[in-house]
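**Student:** Structure in structure tokens, see below.
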Amino acid sequence: MTTNAILNLAETVDMAKTNQAQQWQAVVDRDRSQDGKFVFAVSSTGVYCRPSCAARRPRRENVTFFGKPEDAEKAGYRACLRCRPKFMGSVQSNVVKAMCRYIERHLDEPVTLAQLAREFHQSPFHLQRTFKAVLGITPRAYADSVRMDQLKENLRAGHSVTRAMYDAGYGSSSRLYERTASQLE
């Protein structure tokens with residue numbers, strides 16, 4: 001029984017080292033996909049950041065990883081003013097989720113940046129920049145992707161091409177065929 005406990009402890013330590021190695025690699029690569037999963041704190045500056053922060057990379061021996069910004073603050077670190085790790089994950093992603101739901105509800109009509117900007121009380125430029133920073137694509141590309149997914153789903157369900165096309169929000173067959181040549185495989 002004692003031997004198993006020692007082996008389990010050794011496995012836990014190995015997993016923690018592996019996890020920290022992956023986290024450090026995310027910091028080195030400035031991997032945006034890891035934002036919100038953890039933050040890293042730098043002991044020499046007293047600051048904590050998101051993995052994708054554009055600030056100068058710290059030395060590995062000065063870095064500590066935390067699961068949440070609150071944990072880093074409890075340890076005495078302050079938020080980076082450049083990447084704002086406390087706010088990026090929650091506020092912006094919630095606004096972008098709301099934009100996605102709005103786009104999904106209005107697939108049958110052309111949703112413009114100006115319309116989204118009025119709906120979400122932001123400038124069109126800021127809205128597009130925020131959307132692209134969080135999802136990696138523009139609102140138009142997101143709408144096209146949702147339409148295409150819905151079209152494929154309707155076709156798999158056995159609907160006619162015409163019905164599937166209109167249900168997915170395409171206004172005409174020419175709009176469908178000009179965009180689907182590469183995507184409808």
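The values are calculated or read from the model by the stated rules, or taken from the named source; none is laboratory data. From a predicted model like this one, the values you see are computed outputs, not experimental measurements. Cβ sites come from the backbone with ideal geometry, for glycine too, and all protein chains shown count toward neighbours. SASA here: full protein model, heavy atoms, side chains in, ligands and nucleic acids out. Shrake-Rupley method; radii C 1.70, N 1.55, O 1.52, S 1.80 Å.
**Student:** Lysines near Lys97 by alpha-carbon distance under 22 Å, same-chain residues fewer than 8 away left out - which ones?
**Tutor:** Candidates past the 8-residue exclusion: Lys37, Lys68, Lys86, Lys132.
**Student:** A follow-up question, please. Tabulate in residue order the Karplus-calculated ³J(HN,Hα) for segment 112-117, using 6.51 cos²θ - 1.76 cosθ + 1.60 with θ = phi - 60°, rounded to whole Hz; enter x for Gly and Pro.
**Tutor:** 9, 4, 4, 5, 4, 4
**Student:** Could you provide, to the nearest whole Å², the per residue accessible area of segment 11-149 with probe 1.4 Å?
**Tutor:** On the way: 8470 Å² over 139 residues.
Heavy-atom accessible area per residue stands at 61 Å².
**Student:** What number do you get for segment 41-152 when its Cα radius of gyration is normalised by 2.2 N^0.38 Å, N = residues?
**Tutor:** Ratio of Cα Rg to 2.2 N^0.38 Å: 1.36.
**Student:** Using per-residue counts of other Cβ atoms within 10 Å, averaged over each peptide, order 116-128, 138-150 from highest down.
**Tutor:** On the way: 116-128: 14.4, 138-150: 17.0.
Peptide ranking by packing, descending: 138-150, 116-128.
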